[in-house]
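Engineer: Dumping the structure here so I can ask a few things about it.
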Amino acid sequence: MNISNSQIQPYSYQPHIVKLLDFCKGLAIIGVFLIHYPPSEFTISFGWQGVHIFIVLSAFGLTYSRLNKHKTNSWRQWYIKRAERIFPSYWLIVLLGFFLLFINSIFDYIFKQGNLIHSLLEPTATTIIDILLLRNFFANTESGYPNPALWFVPFIISFYLIFPWLHKKVVKSRKAKDYILVLLVAAFVEFIYRGVSIYWLHSSPIAYGLHFLKTLPKSEFIISNQIPFGFFPSRIAEFVLGIVGAILFMKNQKKFEKLILNNLVGVLGLFIWIAGNILLSVGLWGWVFSDFVIALGLILFVINLAFLIQKRLSPLFSILSKLGILSYYIYLSHYLVLVFFTTEINKLATKANLLNSLIIKVLILGFTIIVTGIASWMLMRFDRSKFAKEIVQKLIAWLPSLLKFGLNGRNSTKK
């Protein structure tokens, strides 16, 4: 199949796959929420794999949006739009986390006579690191109390930084085999990077302390740090998979959907996903390939599941799609709700008898869902406000002055 770039144009045809994406994100955020939820009864040990869905669909969405516009903005404008979409709500959550820790430290100081200054040093350092998007440069990307989940924001931004270059390289391809070659090159880069990180740097992929197939033998490996896995090369093939998928989709939407949306592909995706989970437990070499295999199988299975639910259970499809729209805000806020509103209450629930404990935990889960939903909705409203956009615009306007001030300060120090 020989296709020129001129054939990538907006279609009047209303595609099914684009309508399915929010459902997939909704399913992914439920998994992420439950993997972080304190009571083990509700924990889904493979819920962390929702991150794979976000990576692939993020690349798909960015590429689809870029190709679907009649008039494409400059890459500078593209970066500004991304910044407006990500930073204001992210920074607000970082500051809110610090505020809650500050209040907690005050109470500890009053009632437990602790050292106030000492108790505030670590959260202050963590807050500064998070504001500057530097968390993933430190030893454990999943640390960073009270919101360990924030590691994903600088991680996905590392993909955004290279997206224009990737987009330019991939969109130049003419034939279907060229896209396969691009994906193979990305997979090769990812596998080499992960192999070096695991065997030479003694690093561990993020979330690999959790195993879906618990009965299989686990690799004996001492986790020293996760730094290499907080950056794009560790998942580059997943991101390129989304880019390639979007480009092929735009070239021939009907044919792409006919190829992807069918029961056979859904079942195939399920088996690929299971194979990826088996790779988690066969040894360190399995960790080199597991994330890409899991991502490939999971996205094929989930997209077909979404298509099936859309046809058979439209109310459920609508609910999960709405969750998908809120997924970024749920991701940002849910851990704060879990840490400050449920952990201590759950400790009390464990002291009750079995029936009362279960009732309490179900009520806590309902309360947590409601509070997280309200917080996410408010965060979305803030994100879409003029004030949020002004924050980024002013920062861009001040940036040259800040850089100039920094350079002048450094030069004066040298003198």
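Engineer: Looking at region 137-159, which of its residues are crowded, with 17+ Cβ neighbours inside 10 Å, aromatic (Phe, Trp, Tyr) and modelled with pLDDT of 85 or more?
Structural biologist: Passing the criteria: Trp151, Phe152, Phe155, Phe159.
Engineer: Ok, one more. Just for region 73-128: of the residues that are β-branched (Val, Ile, Thr) and more than 19 Å from Tyr331 (Cβ to Cβ), which one is surrounded by the most Cβ atoms within 10 Å (Cβ to Cβ)? Lay out the reasoning, then the answer.
Structural biologist: So in region 73-128, the residues β-branched (Val, Ile, Thr) come out as 80, 86, 93-94, 103, 106, 110, 117, 124, 126-128.
If we keep only those that are more than 19 Å from Tyr331 (Cβ to Cβ) too, we end up with 80, 103, 106, 110, 117, 124, 128.
Working: Ile80: 16, Ile103: 11, Ile106: 13, Ile110: 10, Ile117: 10, Thr124: 13, Ile128: 12.
Among them, the one singled out is Ile80.
Engineer: Mind checking which residues of region 49-66 are in contact with a His (Cβ under 9 Å, 6 or more places away or on another chain) and either more than 21 Å from Leu298 (Cβ to Cβ) or at pLDDT below 90 (or both)?
Structural biologist: To start, the set of residues in region 49-66 that are in contact with a His (Cβ under 9 Å, 6 or more places away or on another chain) comprises 62-63, 66.
Within region 49-66, Arg66 is the sole residue that qualifies.
Yes/no matrix, rows are residues, columns are (1) without any contact (Cβ under 8 Å) to a residue 60 or more places away in the chain; (2) among the aliphatic types (A, V, I, L, M); (3) over 27 Å from Leu184 (Cβ atoms); (4) surrounded by 15 or more Cβ atoms within 10 Å (Cβ to Cβ):
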site: Phe239; (1), (2), (3), (4): no, no, no, yes
site: Phe271; (1), (2), (3), (4): yes, no, no, no
site: Ser281; (1), (2), (3), (4): no, no, no, yes
site: Leu300; (1), (2), (3), (4): yes, yes, no, yes
site: Phe307; (1), (2), (3), (4): no, no, yes, yes
site: Leu316; (1), (2), (3), (4): yes, yes, yes, no
site: Leu320; (1), (2), (3), (4): no, yes, yes, yes
site: Ser333; (1), (2), (3), (4): no, no, yes, yes
site: Val337; (1), (2), (3), (4): yes, yes, yes, yes
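Listed here are the residues, each with its yes/no results for (1) at pLDDT below 90; (2) part of a helix (DSSP H, G or I).
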| position | (1), (2) |
| --- | --- |
| Gly324 | no, yes |
| Val337 | yes, yes |
| Ile345 | yes, yes |
| Lys351 | yes, no |
| Leu355 | yes, yes |
| Ile359 | yes, yes |
| Phe367 | yes, yes |
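Engineer: (1) modelled with pLDDT under 95; (2) over 16 Å from the mean Cα position of the chain (by Cα): which one isn't true of Ser333, the others all being true?
Structural biologist: Of the numbered conditions (1) modelled with pLDDT under 95; (2) over 16 Å from the mean Cα position of the chain (by Cα), the odd one out for Ser333 is (2).
Engineer: Separate question: Name every residue in region 256-269 that is closer than 18 Å to Val18 by Cβ and loosely packed, with under 13 Cβ neighbours inside 10 Å, in order of residue number.
Structural biologist: Once the filter is applied, which keeps residues that are closer than 18 Å to Val18 by Cβ and loosely packed, with under 13 Cβ neighbours inside 10 Å, region 256-269 yields Lys258, Leu259.
The values are calculated or read from the model by the stated rules, or taken from the named source; none is laboratory data. All figures in this text were calculated on a predicted structure; none of them were measured in a lab. Cβ: placed from backbone, ideal geometry, glycine included. Neighbour counts: every protein chain shown.
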